[in-house]
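Taking it in order: structure first as structure tokens, then the write-up.
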Ligand SMILES: Cc1cc2nc3c(=O)[nH]c(=O)nc-3n(C[C@H](O)[C@H](O)[C@H](O)COP(=O)(O)OP(=O)(O)OC[C@H]3O[C@@H](n4cnc5c(N)ncnc54)[C@H](O)[C@@H]3O)c2cc1C
């Protein structure tokens, strides 16, 4: 996967593409995989790096969603549980089984959650990750020794999936590339090409590295830009009304000592009626998330102080050692594009299902949904796109399509930082095989350094820049600019003093 070669291929092509996908998150890359593996000609354009948006900022769960079960959304849970099973089968190198403990403080809670999780087991059918069961207080402590024991009566053990979101994303980018798709990061769509009737007939994009502009014809365009989908829809038709509402969720990362277990905790009802997870992830403890309505999208959304306080306080109720601000290793925030259902202030109750819309200019937008259901979303979107563009009808093959394992198992070489598991080999691999162009790409999304320990990531930036410059043929000045740019971003992942 070489960006320069792909850009040359795209620039030289005069034939319209069958499908152009805008957006390099889970949804867009999923569409590129689906369409390319059906044999369509596909171009995917991402304005920044693959996964810069919400798809690098999830809670890292491949799950049916116990919360949606409590809301009675059985069809969404069933769909997600099926997709969970498919993902584990097709990407077993990234998705693994995770045990969760729901702590209970009364007999009633044990019965309520015990029955609920049995229904969850039943809904997963042949895609089951393991049977749930009720635990005594002692068994809960054996599973999570750091759990707060005051008033604890027992708990429920159940199983779901866990993954590394951007590792899966980069592997999906590779899969799309393997099937002939042209995939470009740092390629921002800035407008549309119209036919005589004013319909969308292609896109205009700008290479963010050179500022060169390209006009590319296409039979169909899929808008998979998540929180930005309304901005892109207005670019194609300025009369279009917004279809999504935005809500942000934050995560805090702490040392592994707060959990000291391979098992996760699921808090089923926080004081604001949400769920909160404490999960072991890359050797640390990840805690989240929140649901806060916001008015506009930012590529680096900031956690509110009130959200940080809320997560610290809630986690503190359930852990023996109460985490405090100075324990925070990283804070990351993602934005949910929630499909609108009339005027509501309560984003936690908006639809988590996906929506496909085709506006008057013929732009197809797919939005909403979850990481877990990206494959099904992509299948639906490409079915619609093929019909819209009158392409030869071909069925999706992604239910059984193995996802590319892009990264070698063991990375050798010197470490970038004593507090991080990543090595020089990881950096070289990311540049040579995974289209990493900036220090941030390597430290935030090819490795997860920024997400597991922001301060260590800042300290690892100069070495990372030096290795990248050697690979990409850049000079000392590039290194200085990159380190400064990365540091500015990474400081947003640390608590403000
Ligand atoms: C806090 C939080 C936690 C979550 N946790 C989970 C979880 O544990 N499990 C789960 O299944 N789901 C989870 N989700 C949901 C999941 O993360 C999202 O559904 C999914 O990542 C959305 O992917 P996307 O591709 O639609 O959007 P994004 O990942 O945001 O991708 C959209 C992309 O479009 C690009 N773009 C925008 N404008 C342009 C343009 N003009 N030209 C080119 N590119 C453009 C952006 O740069 C961006 O990369 C969570 C969501 C949030 C907010």
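For the reader, a short list of remarks on this structure follows.
- Taken together, 300, 321 contain a single residue that is within 13 Å of the ligand (Cβ to nearest atom), touching a helix residue (DSSP H, G or I) at 6+ places or on another chain (Cβ under 7 Å), more than 21 Å from residue 163 (Cβ to Cβ) and modelled with pLDDT of 95 or more, which is 300.
- Flag if residue 285 is at pLDDT below 95 and farther than 26 Å from residue 106 by Cβ: no
- Filter result (over 24 Å from residue 30 (Cα atoms) and buried (at least 17 other Cβ atoms within 10 Å of the Cβ)) within segment 384-420: 411, 416, 417, 420
- Considering residues of segment 286-297 that are in contact with a strand residue (DSSP E or B) (Cβ under 6 Å, 6 or more places away or on another chain) and farther than 16 Å from residue 330 by Cα only, the residue farthest from the ligand (Cβ to nearest atom): 293
- Within segment 152-173, at least one residue is at pLDDT 95 or above, farther than 30 Å from residue 444 by Cβ and surrounded by fewer than 19 Cβ atoms within 10 Å (Cβ to Cβ).
- Residue in segment 190-209 that is without any contact (Cβ under 8 Å) to a residue 12 or more places away in the chain and touching a strand residue (DSSP E or B) at 6+ places or on another chain (Cβ under 9 Å) present: yes
- Any hit, segment 198-211, residues being touching a helix residue (DSSP H, G or I) at 6+ places or on another chain (Cβ under 6 Å) and away from the ligand (no atom under 15 Å from the Cβ): no
- Output for segment 220-231, where each listed residue is crowded, with 22+ Cβ neighbours inside 10 Å, within 15 Å of the ligand (Cβ to nearest atom) and more than 30 Å from residue 279 (Cα to Cα): 221, 222, 223, 229, 230
- Positions within segment 241-260 being away from the ligand (no atom under 16 Å from the Cβ) and touching a residue at least 12 places away in the same chain (Cβ under 8 Å), in sequence order: 254, 255, 256, 257, 258, 259, 260
- Cross-chain or 6+ apart pairs with Cβ under 6 Å, segment 279-290 first and over 20 Å from residue 248 (Cα atoms), then near the ligand (Cβ under 9 Å from one of its atoms): 281/60
- Per-region count, segment 303-318, residues closer than 27 Å to residue 96 by Cβ and within 16 Å of the ligand (Cβ to nearest atom): 3
- When each of 314, 372, 365, 355 is tested for being assigned to a strand (DSSP E or B) and either at pLDDT 95 or above or out of contact with any strand residue (DSSP E or B) (no Cβ under 6 Å at 6 or more places or on another chain) (or both), the lone residue that passes is 365.
- 3 or more residues near the ligand (Cβ under 7 Å from one of its atoms) and closer than 23 Å to residue 406 by Cα: qualifying helices (runs of 4 or more DSSP H) within segment 1-93: 26-37
- Taking every residue in segment 64-85 that is farther than 17 Å from residue 98 by Cα and at pLDDT 85 or above and pairing it with any residue that is away from the ligand (no atom under 15 Å from the Cβ) and in a loop (DSSP other than H, G, I, E, B), at least 6 positions away or on another chain, yields no pair with a Cβ-Cβ distance below 6 Å.
The values are calculated or read from the model by the stated rules, or taken from the named source; none is laboratory data. Keep in mind that this is a model prediction, so the values were computed, not measured. Ideal geometry is used to build each Cβ from the backbone, glycine not excepted, and the neighbour counts take in all protein chains shown.
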